Amino acid sequence: MPHFSRVAVIGAGAGGLVSARELSREGHHVVVFERNTQIGGTWVYSPKIESDPLGVDPDRTRIHSSLFKSLRTNIPRELMGVRDFPFVPREGEDRDPRRFPSHTEVLKYLEDFANEFGVYKFVRFGTEVVFAGLEENGKWRIEFRCENGDVDYEIFDAVVVCVGLYSQPRVAEIPGIDRWPGEQVHSHNYRDPERFRGKVVVLIGYSSSGTDISLELIGVAKEIHIVWRSPKTELLDRESVISNVSFHPMIESVCKDGTVVFQDGCVVLADVILHCTGYNYHFPFLETNGNVTVDDNRVGPLYKHVFPPALAPGLSFVGLPFKVIPFPLFELQSNWVAGVLSKRIALPSKEEMLADVKAFYEDLEALGKPKHRTHLLGDYMMPTYCNWLATTCGCPPYEEWRKKMNISVHLYRMPNLKTYRDDWHDDELIHQAYEEFSKV
Ligand code: FAD
């Protein structure tokens, strides 16, 4: 006998929208709490920055999105879209048909998705969840602050947390930083290069945001000193010939005269340290009596990154894994949550889930992976994880062309950071993608 629940979804970014669709398709009654006044989460660009540009002051004015003005996707649209609602170019003057479109096009795609599947009716805008906790009767109490400041509550059978990963900056620990007189900014609060014109910038981290931002700073900043853990590669040698860019291993210390000392012995007088150092998981509203903790950025224990064994299936998380193709992943994770809640899909016992998590942690440890990489899937793990979810949910497997396209783009990207968005193409894989889309 199917069982339908009243489910609270927290957040109306891509994860919350896709979850709302999967849950409602399954027959559940859904309410999506969204503190913003529109859907889209990360993809709602704001030119404003937070009152603390480093993003560490707990009382700072907050901006959810980390987008910068010129951002284009770093994944081809064919890969990005939800599997049964492909992100194909749409007609219209204000649409961006490029394969790696601007952030505004992604927001429009999410709005198209919400219209197509009637998701707007589930969303309560301007409601910030300030507390989510279990009642004695096994139900979930959700307290939310409305736009007029009033706090109200409602009771649900289950809660799906979809609050995103990119709003709580993580900053590098730098010896001597307290007395260093320069300016510090986190990439969360980077919007365009103007603020850095003519300045000597030390940029820490050279992952997705760090690479894009450093390219924008070339020709604007006076000097760019990129701090990157990885050993020198051909790429670095090629980038280093650009006159105002240099690469360094780590920062040794910073001093009160404004200098930054690197481990390679270089010393520079810098104006700004720009932290492109990622984010921390942050669930300030969640009360689980210690059943879920965030320890060195490991959210756990969670069975397959979604269900805490002690609180499943009432509490679940959609969208925790990173270095993934997010939207198709949300689709599968939330299909699983929806199916488990309706009893279409059985979960293992609490003991079996805990044993699975324990074995997973032991594997990570044996591979020398620190806790903060627990939810990192990457190009190779993502298909395996998605296929596990697809099999569990009775969904079609993760397509081979997706796997190959992801790896192809990834390999092309690093040596072609400046141009890959316009140059990358693989006719055969693109053809396979559109063949697949024609069946939807
Ligand atoms: P979010 O989009 O962050 O949505 C979370 C929502 O929860 C927000 O609307 C927020 O207001 C709401 N919320 C938070 N707390 C509360 C609360 N207490 N109460 C009520 N509401 C709350 N992905 C790609 O696929 N392709 C890309 O090219 C790409 N580029 C990216 C570039 C950058 C700089 C960043 C930061 C991310 C990028 N991503 C990209 C990943 C992107 O985060 C995902 O695509 C996706 O948007 C994440 O969706 P989400 O729903 O998990 O989180």
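Structural remarks
- Flag if S24 is over 20 Å from the mean Cα position of the chain (by Cα) and part of a loop (DSSP other than H, G, I, E, B): no
- Which listed residue is in a helix (DSSP H, G or I) and either away from the ligand (no atom under 11 Å from the Cβ) or of a type in the set (G, A, S) (or both), from S19, S66, S46: S19
- Residue match in the stretch 94-103 (condition: aromatic (F, W, Y) and under 30 Å from G210 (Cβ atoms)): yes
- Tally of residues being within 14 Å of the ligand (Cβ to nearest atom) and of a type in the set (D, E, K, R) across the stretch 99-145: 8
- Only residues that are surrounded by fewer than 14 Cβ atoms within 10 Å (Cβ to Cβ) and over 25 Å from Q432 (Cα atoms) were counted across the stretch 83-123, and they come to 6.
- Members of the stretch 155-178 that are away from the ligand (no atom under 13 Å from the Cβ) and within 21 Å of A20 (Cα to Cα): I155, F156, D157, A158
- Verdict on F317 being crowded, with 16+ Cβ neighbours inside 10 Å and more than 25 Å from D212 (Cα to Cα): yes
- Selection of helices (runs of 4 or more DSSP H) fully inside the stretch 336-440 by the criterion of at least 1 residues being touching a strand residue (DSSP E or B) at 6+ places or on another chain (Cβ under 7 Å) and either surrounded by 13 or more Cβ atoms within 10 Å (Cβ to Cβ) or touching a residue at least 24 places away in the same chain (Cβ under 8 Å) (or both) returns 350-366, 420-423.
- With respect to the conditions (1) farther than 23 Å from L332 by Cβ; (2) surrounded by 16 or more Cβ atoms within 10 Å (Cβ to Cβ); (3) not β-branched (V, I, T), Y153 falls short on a single one, namely (2).
- Test: residue in the stretch 230-250 that is at pLDDT 95 or above, buried (at least 17 other Cβ atoms within 10 Å of the Cβ) and β-branched (V, I, T): no
- Highlighted here are the strands (runs of 3 or more DSSP E) found entirely within the stretch 238-325 that include at least 3 residues which are closer than 30 Å to V200 by Cβ: 245-248, 251-254, 259-262, 267-269, 272-275.
- Residues (in contact (Cβ under 8 Å) with a residue 40 or more places away in the chain and within 26 Å of the chain's Cα centre (by Cα)) located in the stretch 215-224: L215, E216
- Pairing residues of the stretch 164-189 that are on the phi > 0 side of the Ramachandran plot with residues that are more than 14 Å from the ligand (Cβ to nearest atom) and assigned to a strand (DSSP E or B), at Cβ distances under 7 Å and at least 6 apart in sequence or on separate chains, gives G176/S253; G176/V254.
- V31 vs. criteria at pLDDT 95 or above and buried (at least 23 other Cβ atoms within 10 Å of the Cβ): no
- Residue check: L315 meets all listed conditions (1) in the same structural domain as E128 (by TED's automatic domain parsing); (2) of a type outside the set (G, A, S); (3) away from the ligand (no atom under 16 Å from the Cβ) but one, namely (3).
The values are calculated or read from the model by the stated rules, or taken from the named source; none is laboratory data. The model shown is predicted, which means the values in this text are computed figures rather than measured ones. Note that we place each Cβ from the backbone using ideal geometry, even for glycine, and neighbour counts take in every protein chain shown.
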